[in-house]
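Read through the structure below, which is laid out as structure tokens, and then see the notes.
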Amino acid sequence: MSEQDRLAVVFVHGFASNAKTWDSFTNQMSLDDDLKSMEIFPFEYSTQIPRAPLWRPDRSLPTLSTIADSLQTYLDVEVAGHPRLVIVCHSMGGLVVQRYLQRMLHQGRGLELQRIHRIILFATPNAGSDFARKLRKDLLGSAHPQERDLRTLSEEIRDTHTAVIRDVVHTPTAESGKCPIRFDVFAGTDDKIVPRASAQGTFPTVGALPGDHFSIIRPTSANHRSYTTLRQLLLETAADSDPPPNRLRRSRPGSSSVTPSTVIVSEFRADFHGTDWENVYHDVLKQQSSESVSVVDGCFYPGIAADVIISVRSAESITQDHPPAERAVLRIYAESTLSGKRMLVGICAVGACHEDAKRLVIQWLPVEAEGSFYIEGIPDTDDLYVIITKWIQNAIRRNSPRMRDGSRIERVLDLAPDPYEIPERKLL
């Protein structure tokens, strides 16, 4: 292997940290004969606490976009001689890299991103982190630009994550505004700072590793699972043996791509972020997906042709903010109509005023509404998990009695006896 072809590994640290946070990884790599040929580049940026004794009032902390631009310059200059990169991130470092990708694509530089062969995220708050939010605010001040982007309801972070899922993770080819890159995303099993649902986000290739928010990136030996996982991914990339990024695509005539038998699109509202409902929602999406059934969040797959749509909404938002909620229900009705009324629709209102919300949704639906409209109001997280799971299972039974690949549905899901026996047309 020539010097120019050596794989470069760029490490990006997180909030209130520095390049030394990677010493446990890089020390193990320096002792590993199989990884010695890889060159390590630790990217560093300012993220100190402003009220510390050495804080200077004549300086400001960079925003996430400024750090992303700094990373762009670093990769363009310091790592310019390496055509094959892997970027490894911890915590907020993963948000920095996603903002970098978004800004590069916005500049029409998608083809330049092809040298990034893989991005690995450890405990990145893809949906924000509410841990010690008040303490963070009191300590750092409400104007701290990086603390703002760590909050669970940060619109900028959600928009960035959505763009990366759409234009990087699930895009088939590279062009000026798109570039497929493989993401491998890991949560810490004991991490209270970034819960699993936030760490895994809506990425298709996810996992969990032992440790809390900090120990997950501090392997104590060559046998530590965080190190063995990173080692395997680096070796796969160096050998160009890793599979292409997972993409959800609808097959076309003459296409050899595998199409899920049933695509179930669930819509999630922003007012669930940081609640127990969010974890339940992501659990359902993950546990009910398989090779033949894809359960995805419609926010990240605009325009996808779906067999089923399930909309999960806060009962409070339905009862207190009528116009947008009514428009959303009518849009779902229109989608069902365009599908020839074959699409199953489930609308679920969660919260204390669930019965009032259910009555409103039924009123909003046109009297001529046909097809399968399941409307339910439920009070808590347990009911949310049960009802979404059962709607999905009923949809698979009715829409795909035999999967398109010839297998039986029982091989895809371990289905219990149908507890609902929902008829063809009914408002629950």
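The values are calculated or read from the model by the stated rules, or taken from the named source; none is laboratory data. Predicted, not measured: the structure shown is a model, and the values here were computed from it. Neighbour counts run over all protein chains shown; Cβ positions are idealised from the backbone, glycine included. Ligands, DNA and RNA are stripped out before the accessible areas are found, and what is left, the full protein with its side chains, is counted by its heavy atoms. Shrake-Rupley method; radii C 1.70, N 1.55, O 1.52, S 1.80 Å.
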Next item on the list: Kindly provide the set of residues from segment 190-204 that are of a type in the set (Lys, Arg) and either under 14 Å from residue 89 (Cβ atoms) or over 13 Å from the mean Cα position of the chain (by Cα) (or both), ordered by number.
Entry: 192
Margin query: If I filter segment 189-205 down to residues being touching a Gly at 6+ places or on another chain (Cβ under 8 Å) and of a type in the set (Val, Ile, Thr), which single residue comes out as least open to solvent (accessible area, probe 1.4 Å)?
Written below: 194
Check: Consider residue 338 against the criteria (1) out of contact with any Phe, Trp or Tyr (no Cβ under 6 Å at 6 or more places or on another chain); (2) closer than 27 Å to residue 275 by Cβ: it satisfies all of them except one. Which criterion is unmet?
Finding: (2)
Item checked: Members of segment 175-229 that are of a type in the set (S, T, N, Q) and modelled with pLDDT of 90 or more -> 176, 189, 215, 220, 221, 223, 226, 228, 229
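Please find, within segment 157-188, the residue that is surrounded by the most Cβ atoms within 10 Å (Cβ to Cβ) out of those that are part of a helix (DSSP H, G or I) and among the hydroxyl-bearing types (Ser, Thr, Tyr).
Pass one, segment 157-188, residues part of a helix (DSSP H, G or I): 157-169.
Still in the running and among the hydroxyl-bearing types (Ser, Thr, Tyr): 160, 162.
On the way: 160: 23, 162: 17.
That would be 160.
Looking only at segment 76-100, count every residue that is hydrophobic (A, V, I, L, M, F, W, C), surrounded by fewer than 24 Cβ atoms within 10 Å (Cβ to Cβ) and closer than 23 Å to residue 230 by Cβ and tell me the total. Step through it out loud before you land on a result.
As a first pass, look at segment 76-100 and keep what is hydrophobic (A, V, I, L, M, F, W, C): 77, 79-80, 85-89, 92, 95-97.
Next cut, surrounded by fewer than 24 Cβ atoms within 10 Å (Cβ to Cβ) only: 77, 79-80, 85-86.
Within this subset, residues satisfying the condition of being closer than 23 Å to residue 230 by Cβ are 79, 85-86.
Of the residues in segment 76-100, 3 are hydrophobic (A, V, I, L, M, F, W, C), surrounded by fewer than 24 Cβ atoms within 10 Å (Cβ to Cβ) and closer than 23 Å to residue 230 by Cβ.
Across segment 210-240, what is the number of residues that are assigned to a helix (DSSP H, G or I), over 18 Å from residue 20 (Cα atoms) and not β-branched (Val, Ile, Thr)? Give the steps one after another, and end with the answer.
From segment 210-240, those assigned to a helix (DSSP H, G or I) are 215-217, 225-238; that's our starting set.
If we keep only those that are over 18 Å from residue 20 (Cα atoms) too, we end up with 225, 228-229, 231-238.
Next, only the ones that are not β-branched (Val, Ile, Thr) stay: 225, 231-236, 238.
The total comes to 8.
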Item checked: Matching residues in segment 343-402 - criterion: being at pLDDT below 75, open to solvent by 10 Å² or more (accessible area, probe 1.4 Å) and part of a helix (DSSP H, G or I) -> 393, 397, 398, 399
Check: Which condition does residue 232 not pass, out of (1) modelled with pLDDT of 85 or more; (2) under 22 Å from the mean Cα position of the chain (by Cα), if it passes all the others?
Finding: (2)
Checklist line | Residues of segment 101-125 satisfying the condition of being surrounded by fewer than 24 Cβ atoms within 10 Å (Cβ to Cβ), in a loop (DSSP other than H, G, I, E, B) and either in contact (Cβ under 8 Å) with a residue 40 or more places away in the chain or at positive phi (or both) | finding: 108, 109
